[in-house]
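Below is one structure, written out as structure tokens; the observations come after it.
Just so it is clear, none of the values below were taken in a lab; they were calculated from the coordinates. Since we're looking at a predicted model, the values are computed, not measured. Positions of Cβ are backbone-derived with ideal geometry, glycine not excepted, and every protein chain shown enters the neighbour counts.
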Amino acid sequence: MDAHTRTRPLALVTGAGRTTNIAAATARTLAARGWDVAFTYYRAYDTRMPWGPEEGAARALHTAITSHGVRALGVEADLSDPDAPQRLLAAVHDELGPVTALILAHCESVDSGLLDTTLDSFDRHFAVNTRAAWLLIREYAHRFPGPHGSGRIIALTSDHTAHNLPYGASKGALDRITLAAATELAHLGITANALNPGPVDTGWMSPELAEKLRRGTPLGRLGTPQDTAELIAFLCSDRGGWVNGQLIHSNGGLS
């Protein structure tokens, strides 16, 4: 490993199972700015969702990252497994080195409400969206080598509530864990922010919902994965180091 490789920052981006989602856009954007990038994906989740799996997505993202002259590592990980975060950070460390920025963009998201959510669905949402995030943050912090002020945690959150109970509730808990990290990990020089990207259609919106959200946004458009990726790249940069402990709404004015 040459000296330049050793000094490049390394991002771990979770949830990059499709080339069209926010996690993949973030991985490509950071790579273009000189970051090595590790990413996770989980084909079983996409298989049971309406959009289905994207064949070759991990390979395509790996190629896109390395086209910028940086290193890449894709790891398939079932984050409902409580042992997965430790294994994941260990694998990334062994292959690419210590993680500089942890970007939590994975999720379990299956619509249901107060009256029809099952126990299994509720528990799985909290296992993936909340418990895994806490365990990833904890493992990342234990391994973070510095320098002080360079560490970054960015968690993608949501303000969904009605008719999306387990997703919204688990994301609300994720907010609190992330904001706690801004204080509890201050001695390590790690900033932590939760980011609500607003209405970004990555294939999950019906045409009717997309039009409703488009009309409700002052800018008259939906968000794009690149909108969020650009903000994450800023927060990961030295210029974004003063932003800490925030719940950021980047939603085109929807709220």
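For this structure, a couple of remarks:
- Nonlocal amide H pairs with Asn164, under 5 Å, H built at 1.01 Å: Ser112
- Inter-centroid distance (Cα atoms) of the range 1-63 relative to the range 175-224, Å: 18 Å
- Ordering Val200, Ala233, His249 by Cα displacement along the dipole of the chain toward the positive end leaves Ala233 in first place; charges were set at the Cβ atoms of Lys, Arg (+1) and Asp, Glu (-1).
- Highest average packing first - 206-219, 82-95, 131-144, 172-185, Cβ atoms within 10 Å: 131-144, 172-185, 82-95, 206-219
- Förster radius 22 Å - calculated FRET efficiency between Asp94 and Arg8 (Cβ-Cβ, nearest 0.05): 0.85
- In this simple spin-label approximation, Trp242 and Arg43 carry label points 7 Å from Cα along the Cα→Cβ vector, and these lie 4.7 nm apart.
- Among Leu156, Gly189, Thr26 - extreme Cα towards positive end, dipole of the range 3-249, charges at beta-carbon: Gly189
- Each Lys and Arg contributes +1 and each Asp and Glu -1, all at the Cβ; summed about the Cα centre of the chain, the dipole is approximately 620 debye.
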